[in-house]
Structures are given as structure tokens and as C-alpha cells.
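The values are calculated or read from the model by the stated rules, or taken from the named source; none is laboratory data. What you see is a predicted model; the values in this text were computed from it and never measured. We place every Cβ from the backbone using ideal geometry, glycine too, and count neighbours over all the protein chains shown.
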Amino acid sequence: MQDVFYIEEMEQAITLLKPIRIEILRRMDEPCTCPILADYFDESPQKIYYHVKALETAGLVEKVEEKRVRGVVEGYYQARARSYWLAPHLVGKVGEEKLSRDQKNLQVLLSLAEEVHDDLGKLANRAEAGQDVPSLSLSAHIHLPDGERRAEFLEELALVFQSLARKYGTPPLDATLENAEGYRLILACYPNSNQKDGG
């Protein structure tokens, strides 16, 4: 069982996003038969089998074993992953955007978060395939008691970020990229969502 299954196809998402199928997946961390699941959900084995087969056809669960029980062959099914991530592009943007400046800034931040989500889903697939995926994550809570300090902090932060981008960003024209590792650095700064004043 892999850690993350990244769903990029609409058909897989449609198959998954039914409440009973999500609950079935949660019970399939270990190999399980349809009759066992039927008892747990108080449903008929036929109804559970229908949902399990739909999940299997979509590649979200797999049959891992078969056993003959009282003359009947029973399949044992298991979830393909411990968690399932939906690619942000499956929904996309709806409607015309008429946003204030703050809303536009948040929209850019949301777009970046979607890109990070998408990148991480694809990198998780590479990690599952045995590839090295070196990464780094940093997080800090900053306290800015007034508007003046906020402006000072943001200006200093921008300077540090620009300095790093200039130093490690676009390589010189004569540089060889044969053995170079490419990384993406994203900087995000936003109010703490757990406090009302956004300080």
C-alpha cells in the first residue's frame, strides 16, 4: 500500500466521491472481503461488491488475494493508498473574477497553494516509485503589533527573497545544467487564520 494516491483523472474522482465509497476505502486498510464489509455497513454483499468493483476499475483498490470459502471463491480487496489527494485542476475556477486588491493577493496565494499541492502529489508518486525526492519545509509564526512593523518586515523579507533568487535562481548563460538540481522556492506570508485581527 502506497502513502499517497494522486487523483488527476475526472473519472477516478467521480468514482471516489460518493460517501459510501469513501467509507468503504477507510475500512480497506487491510485486505477485506465484500461479505465482511456488507456486515459492517449492514448492506447486501451485492451492493458492496458493486461499489468495490467500481473502485477497483478506477484503480483505487486492488484485489490482493482469493480464497475458496464453502465452495465459493471470495476476493480480498485492499485500498491502494493510505490517503487520496485530488488534483486542484479537477474543479478549476468558476465564474468571473471581480476582486479587491487583498482578494487578488489571496487568489495568487491560493493559486500557489494549488500548484504546491499538484507538485507534491506528483512528487509523492515519484517517491513511491523509489526515486529520491529531497525537500525542505520551513514554518514560522511572526508577531507584528502594528502597521509600521508589518511594512518593515515585508520589505526585509522581500529583500532576502530577492537576494536568494538572484544568487541561486537563473543560471548564467554559459553554465552547464547537466548535474544541476532544480528546486522551486515559494514564499507565502498571510494572517494567522485563528485570530480575528490578522496581526
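The set of residues from the range 22-71 being assigned to a strand (DSSP E or B), of a type in the set (Asp, Glu) and either more than 22 Å from the chain's Cα centre (by Cα) or more than 21 Å from GLN12 (Cβ to Cβ) (or both) comprises GLU65, GLU66. Cβ-Cβ contacts under 9 Å between residues 6 or more apart (or on different chains), taken from a first residue in the range 132-150 that is among the acidic types (Asp, Glu) to a second residue that is part of a loop (DSSP other than H, G, I, E, B) and at pLDDT below 85, are listed as ASP146/GLY199. Scanning the range 51-82 for residues that are touching a residue at least 60 places away in the same chain (Cβ under 8 Å) and loosely packed, with under 15 Cβ neighbours inside 10 Å yields one hit, ARG82.
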